[in-house]
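I have placed the structure first, in the form of structure tokens, so that the comments after it can refer back to it.
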Amino acid sequence: MTRVPAKRRYWWIGVAVPVLLFLLLPASSVYYHATAGEGCARCHEIRETYDLWRQSTHRSVSCSACHGDALTSGIDFELANARRVVRHVQGDLPEQIRVKGLDVARMMERCKSCHRQEFADWQAGPHGSTFSKIFLDQKHNHQRLLMDDCLRCHGTYYEGGIRQLVAPVDTQGPWKLIDSAWGNQPVMPCFACHQMHRRGEPLAKPAQPRPRPGTGEEIQRPSLALFERRELAHVAAADLMLPAMRDRDRLVKMSPDPRQALCYQCHAPQATQQVGSGDDRTGIGVHEGISCLACHQKHGQTTRASCASCHPRLSNCGLDVEKMDTTFASPGSRHNIHFVKCGDCHTKGVPKRPERFRAD
């Protein structure tokens with residue numbers, strides 16, 4: 001009787017093990033869908049995040065719709081899940097559940113599936129700028145030294161410091177990103193200004209339709225929040241304070257629009273809180289007391305159609321307000337649209353309004 005070599009008798013083991021592993025990899029995704037996410041939260045440190053999601057406006061959107069699963073993200077997703085399970089069993093539990101930096105952009109692609117217009121506006125605007133555009137700007141880098149504080153607004157979710165991102169850190173250059181994978185990533189993703197798992201009750205549709213709000217009176221959106229890089233957590237816009245701005249010794253009238261508090265976290269004045277210092281754009285002159293968002297479209301920051309929301313086509317002077325000598329009409333104008341006053345042009349005094357422009 002011929003004896004079969006051991007290698008040939010147990011050949012099926014070499015085939016079965018890879019097949020078994022291949023079938024087990026999507027097991028977590030199957031388990032998640034079977035329990036609607038609750039199963040994962042029963043024993044995971046993700047319970048707090050899960051509970052926040054259940055109270056959010058995204059509660060009807062499954063976790064996998066934003067974070068991906070084996071079906072949408074492939075084997076890399078399941079391998080990462082397997083590593084998390086191993087660390088969990090070993091007791092290596094993170095203090096805070098946090099999405100990894102390079103995963104943020106992948107999640108944003110899924111935001112686009114529901115928020116198409118907002119995403120398109122954001123992508124076309126300045127807040128959609130990439131790491132390459134911001135941190136490899138030769139004109140800026142020759143004039144100002146890059147520092148960690150740059151990441152407070154430009155790249156809040158980057159997991160390192162400026163020396164891990166750009167080299168060299170000097171004003172000579174040439175500069176390059178140390179990890180080229182960050183080159184096309186956005187410096188201000190959706191979650192820089194929006195908390196997806198917000199605290200509080202879900203937004204409810206009002207029983208009675210509200211009257212259309214004014215340009216500075218839009219209802220506060222509960223999702224609006226600043227992602228604070230140092231704390232790795234969101235601070236709700238309602239908890240942020242508006243600065244007390246000054247024009248020399250005079251206290252400037254501020255719009256009560258609470259959304260502006262979010263803008264001021266990056267477009268901030270210097271410690272003196274003087275209008276126009278630092279990156280401040282607080283309106284004075286003819287635009288004093290007007291909300292930033294009365295003129296700047298929310299996601300794209302465009303302003304081209306904003307004048308007509310408040311102004312008639314012709315000013316008291318009989319001139320088209322969009323063609324006046326301001327930075328709105330020409331970036332090179334010496335009259336900044338944020339700070340322009342009637343007296344800047346009418347140096348001998350502001351003329352009275354012509355009769356033909358007066359109301360009956």
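The values are calculated or read from the model by the stated rules, or taken from the named source; none is laboratory data. Values in this document were obtained by computation on a predicted structure and should not be read as measured data. Positions of Cβ are backbone-derived with ideal geometry, glycine not excepted, and every protein chain shown enters the neighbour counts. With ligands, DNA and RNA removed, areas are computed over all heavy atoms of the protein, side chains included. Shrake-Rupley method; radii C 1.70, N 1.55, O 1.52, S 1.80 Å.
Tabulated data
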read-out: Qualifying residues in segment 251-265 (those that are in a loop (DSSP other than H, G, I, E, B) and surrounded by fewer than 17 Cβ atoms within 10 Å (Cβ to Cβ)) - the one farthest from the chain's Cα centre (by Cα); value: 253
read-out: Pairs, first within 20 Å of residue 280 (Cα to Cα) and touching a residue at least 60 places away in the same chain (Cβ under 8 Å) in segment 291-314, second open to solvent by 60 Å² or more (accessible area, probe 1.4 Å) and assigned to a loop (DSSP other than H, G, I, E, B), C-beta under 6 Å, six or more apart; value: 294/215
read-out: Residue satisfying condition, being modelled with pLDDT of 75 or more, open to solvent by 40 Å² or more (accessible area, probe 1.4 Å) and of a type in the set (Asp, Glu), within set 48, 38; value: 48
read-out: Of residues in segment 281-301 being part of a loop (DSSP other than H, G, I, E, B) and closer than 16 Å to residue 327 by Cα, the one most open to solvent (accessible area, probe 1.4 Å); value: 281
read-out: Residue check, residue 87 part of a helix (DSSP H, G or I) and open to solvent by 40 Å² or more (accessible area, probe 1.4 Å); value: yes
read-out: Residue within segment 302-314 that is out of contact with any strand residue (DSSP E or B) (no Cβ under 8 Å at 6 or more places or on another chain), crowded, with 16+ Cβ neighbours inside 10 Å and within 30 Å of residue 186 (Cβ to Cβ) present; value: yes
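Let's see how each residue does on (1) in contact (Cβ under 8 Å) with a residue 60 or more places away in the chain; (2) acidic (Asp, Glu); (3) under 14 Å from residue 177 (Cα atoms); (4) touching a helix residue (DSSP H, G or I) at 6+ places or on another chain (Cβ under 9 Å):
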site	(1), (2), (3), (4)
108	yes, no, no, yes
112	no, no, no, yes
126	yes, no, no, no
132	no, no, yes, yes
135	no, no, yes, yes
146	no, no, yes, yes
156	yes, no, no, yes
